[in-house]
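The values are calculated or read from the model by the stated rules, or taken from the named source; none is laboratory data. Since this is a predicted model, take the numbers as computed values, not measurements. Reconstructed Cβ throughout: ideal geometry from the backbone, glycine too, with neighbour counts over all protein chains shown. Side chains included, ligands, DNA and RNA excluded: accessible areas come from the protein's heavy atoms. Shrake-Rupley method; radii C 1.70, N 1.55, O 1.52, S 1.80 Å.
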Amino acid sequence: VQGTGGSSAVSKCSAAARGYIQDRFLRLLAGRRRRRAPLIHRGYYIRARAVDHCVRDFLLKTQSLPRTQILSLGAGFDSLYFRLKDAGLLHHTVVYEVDFPNVACQKATLIKGVKELSALVGDTGGEGLGAITFSGEDYKLLGVDLSELSELERVLEEAGLNNEIPTLFIAEVVLTYMENTRSDALIQWAAEHFPQACFLVYEQVHPEDPFGHVMQQHFRQLNTALHSLAQYPDCEAQQRRFLGKGWTECSVMDMNEFFTCCVPEDEQQRVQALEPFDEYEEWHLKCSHYFVLAASKGMEPSWTPLLPSVTVPHHAGPVGMAGSVPAAVCARLSGIPGLRRYGHHSVLIKPNVILTTGGFGEEDGQHCRMRNFHVLSKHAGYWEAVCVTQNIPDKRWGERLYHTVSCLSDALALVVGGRTSPSSAGLGMLWLKFPKTCNASGLDNIAVELVSLQPAVEAALLRWRHSTTEVTFKGEQYLFVYGGRSALEPVLGDWHFLHTPELSCTVIAVEGPVPESRHSHSACSWEGGVLIAGGLGAAEQPLGSVFLLRELEHGFQWQTIETHPPLVPRYSHTAHVHEGKLLLVGGVWFHASCVPGVTVIDLMTGLCLDYVINVEHLEWPLMLHNHSSIFLPDEKELLVIGGGGNCFSFGTHLNLEPVSLSLSSILIS
């Protein structure tokens with residue numbers, strides 16, 4: 001547990017070095033330096049922003065009072081005191097920091113040895129008195145185990161903590177490491193002994209969904225189990241916890257809601273533009289698994305730092321589920337590491353033959369961008385897998401993620417877009433050529449050829465997280481390339497019609513309300529046109545709209561499809577159409593009460609029904625984002641291939657094997 005503070009300080013220091021947070025003291029306290037990934041930077045940015053937001057609100061609300069105090073529990077190597085002191089915000093406030101004795105001693109030694117830190121504190125020589133490791137006029141650093149409440153109370157009294165003045169308690173990923181009986185006692189003690197008090201908490205939530213399982217496993221491996229999650233699994237339970245322990249007011253938000261509602265739009269845009277970034281799913285999942293809570297009692301005026309500055313549609317309360325869909329591991333496909341990948345694409349190239357290309361995954365025991373193709377073939381009712389490695393020149397293929405593959409005939413498929421790094425330009429188009437008649441074992445001679453296009457057309461199609469869909473206009477076949485993002489544009493809203501097979505770019509008139517720009521949406525061919533659903537919009541907010549691009553005599557027309565109840569906004573899902581019904585599979589949404597399963601939209605009536613996926617027969621967490629899926633209409637079966645991602649600092653999770661979803665019970669004709 002003590003080691004988590006140092007790791008956190010290093011991550012915050014890295015975020016500060018990249019401009020996410022303004023804090024010149026972190027580098028002095030963190031000790032070692034290490035460059036973290038953009039996803040880690042965002043995660044520690046939102047943590048620092050939430051705590052700073054609430055602390056400054058407390059200081060603002062109490063600035064007219066003669067004296068206040070802040071008590072930071074499990075402070076580690078945090079720089080809060082030095083930032084507030086440097087900003088001139090501690091005129092009448094004393095900051096007390098508490099941590100394990102050896103952590104407090106290390107920090108005290110560090111402060112004394114760094115002139116820039118010790119000069120701010122103004123050492124009064126009070127250190128060395130028992131648990132008081134450092135004492136300045138407005139800063140006290142105490143070494144005591146928080147779980148020993150009577151000892152904590154004694155040391156705080158000795159250090160001069162005053163029960164009668166407004167006090168802000170801060171517990172930033174601290175209480176969850178304590179046994180619940182001890183953390184509950186600490187919360188109740190603070191309420192009972194301080195008539196005017198506020199309590200700020202930042203920690204984890206939602207242990208039971210797939211991301212939550214990976215998160216818990218990570219902390220168990222570090223020997224830092226998250227004790228609070230079993231008893232207080234969601235924001236509502238945490239709110240009830242504080243209200244039941246003597247606090248009269250309590251508000252709580254997960255970090256998706258905090259970022260949307262409490263961070264100004266210009267600041268959101270500043271952070272989103274700091275580094276090349278393409279891990280939206282993991283960012284939003286991380287944010288849905290952490291919360292900030294502000295509880296208070298006896299404060300006049302009341303302390304309400306979590307009042308939204310903007311109002312956004314928030315899907316409070318549970319998503320109503322119409323039923324469940326059983327999930328089962330595909331027999332004979334276990335132990336095929338090449339199918340453990342995300343950001344890939346799978347396509348049915350012949351009846352019962354599925355080609356999977358690209359993505360990031362596991363190959364030869366290593367995590368890497370995937371060079372090899374994999375073929376799934378069904379024989380006598382069972383799927384079998386074959387790795388295809390021949391005739392795939394690395395330079396042409398480019399080890400791409402977030403591309404599309406469209407099968408144009410029984411011997412030809414077209415790869416559009418994709419990327420290697422999010423800072424690089426998108427990749428060009430490729431032909432995939434394979435024999436007209438073959439079984440799975442005969443597909444080892446897929447040829448990859450570059451597509452030659454006019455430079456302007458090729459440049460316009462350099463994108464990823466887009467969709468490529470077959471449409472028909474005046475009896476001719478076209479590919480409709482829509483949306484996505486590029487190295488220069490974080491979201492695209494344009495489209496292109498490619499006439500097949502020669503791939504000439506054709507201008508076709510399109511009328512009607514133009515959909516909001518988006519990427520990571522789904523697109524399906526339907527009645528000669530295209531159904532677009534969901535996606536991530538320009539503000540990195542999931543979208544809940546469904547559009548039909550419908551063929552007219554002189555062109556196409558965008559039409560909005562109204563759903564009821566309204567479709568819960570989502571992205572990074574897959575989609576299929578079956579007998580007038582749009583099926584949406586998985587994805588990421590901001591609704592924290594559950595994860596997306598299968599949603600069925602009746603395209604005639606607009607009725608929208610959500611079904612949970614029953615995973616009781618799976619022995620590992622099923623992450624349904626960055627996956628691919630193939631619908632087999634005769635069997636009413638969905639085959640889910642791959643999926644997962646880099647789960648913040650908790651490790652990379654790859655779905656272990658393809659999963660079959662039986663939809664026969666929900667697709668009754």
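Worth pointing out:
- Between the range 460-514 and the range 233-280, the alpha-carbon centres lie 37 Å apart.
- Placing unit charges on the Cβ atoms of the charged side chains and taking the dipole of the range 52-297 about its Cα centre, the candidate lying farthest along the positive direction among 272, 93, 250 is 93.
- Heavy-atom accessible area per residue - the chain, 1.4 Å, Å²: 39 Å²
- In nm, spacing of pseudo-spin labels at residue 348 and residue 605 (7 Å Cα→C-beta vector): 2.6 nm
- Distance (nanometres) between label positions extended 7 Å along Cα→Cβ at residue 367 and residue 102: 2.9 nm
- In the range 125-224, a dipole from Cβ-located charges (positive for Lys and Arg, negative for Asp and Glu) runs towards its positive end, and of 175, 136, 195 it is 175 whose Cα lies farthest in that direction.
- Computed over neighbours whose Cβ is under 11 Å from that of residue 411, the net charge equals +2, Lys and Arg +1, Asp and Glu -1.
- For the chain, the share of accessible area belonging to carbon and sulfur comes to 51 percent (1.4 Å probe, ligands and nucleic acids excluded).
- Cβ crowding within 10 Å averaged over residues, with 282-289, 189-196 ranked highest first: 282-289, 189-196
- Residues whose amide H falls under 5 Å from that of residue 388, counting only those 5 or more places apart or on a different chain, are 373, 374, 375, with hydrogens built in the peptide plane.
- Rg to Rh, two decimals, where the range 321-662 supplies the alpha carbon set and Rh follows Kirkwood: 0.93
- Average Cα contact separation per residue, the chain, under 8 Å, 6 or more apart, as relative contact order %: 10 percent
- For the range 52-297, the dipole from Cβ point charges (+1 on Lys and Arg, -1 on Asp and Glu) about the Cα centre works out to 640 debye, to the nearest 20.
- Bridgeable aspartates and glutamates around residue 436 (alpha carbons under 14 Å apart, same-chain partners fewer than 8 residues away excluded): 410, 444.
- Available extension along the chain between residue 559 and residue 151 is 140.1 nm, counting 0.36 nm per residue and deducting the alpha carbon span.
- Since only 160, 232, 353 are under comparison, the one whose Cα sits farthest along the positive direction of the charge dipole of the chain, derived from C-beta charges on Lys, Arg, Asp and Glu, is 353.
- Cut-off 13 Å between beta-carbons: net charge of the residues surrounding residue 522, Lys and Arg +1, Asp and Glu -1: +3
- Crossing angle, helix 2-17 versus the chain [Cα axis fit, 0-90 degrees, rounded to tens]: 70 degrees
- Relative to the longest principal axis of the Cα atoms of the chain, helix 149-159 runs at roughly 60 degrees.
- Placing a pseudo-label 7 Å from each Cα along the Cα-to-Cβ vector at residue 488 and residue 539 gives an inter-label distance of 2.7 nm.
- Volume per residue of the C-alpha convex hull in the range 475-578, rounded to whole Å³: 122 Å³
- Taking a Cβ cut-off of under 15 Å around residue 635, the surrounding Lys, Arg, Asp and Glu residues balance to a net charge of -1, with basic ones at +1 and acidic ones at -1.
- Dividing the helix sum by the residues of the chain, where each DSSP H run of 4 or more adds -39500 (n - 2.57), gives a mean residue ellipticity at 222 nm of -7000 deg cm²/dmol.
- Shown in residue order for the range 370-379 are the 3J(HN,Hα) couplings computed by the Karplus curve 6.51 cos²θ - 1.76 cosθ + 1.60 at θ = phi - 60°: 8, 8, 7, 8, 10, 10, 9, 9, 9, 10 Hz (x for Gly and Pro).
- Shape call, the range 59-203: gyration tensor on alpha carbons, a/c limit 1.5: oblate
- Rounded to the nearest 20 debye, dipole of the range 321-662 from Cβ charges on Lys, Arg, Asp, Glu: 600 debye
- Computed across the range 258-299, the Kirkwood radius stands at 12.6 Å (inverse of mean 1/r, all Cα pairs).
- Computed from the Kirkwood radius of its Cα pairs, the Stokes-Einstein diffusion coefficient for the chain at 25 °C and 0.890 mPa s stands at 91 µm²/s.
- Euclidean distance between Cα centres, the range 175-206 to the range 2-73, Å: 20 Å
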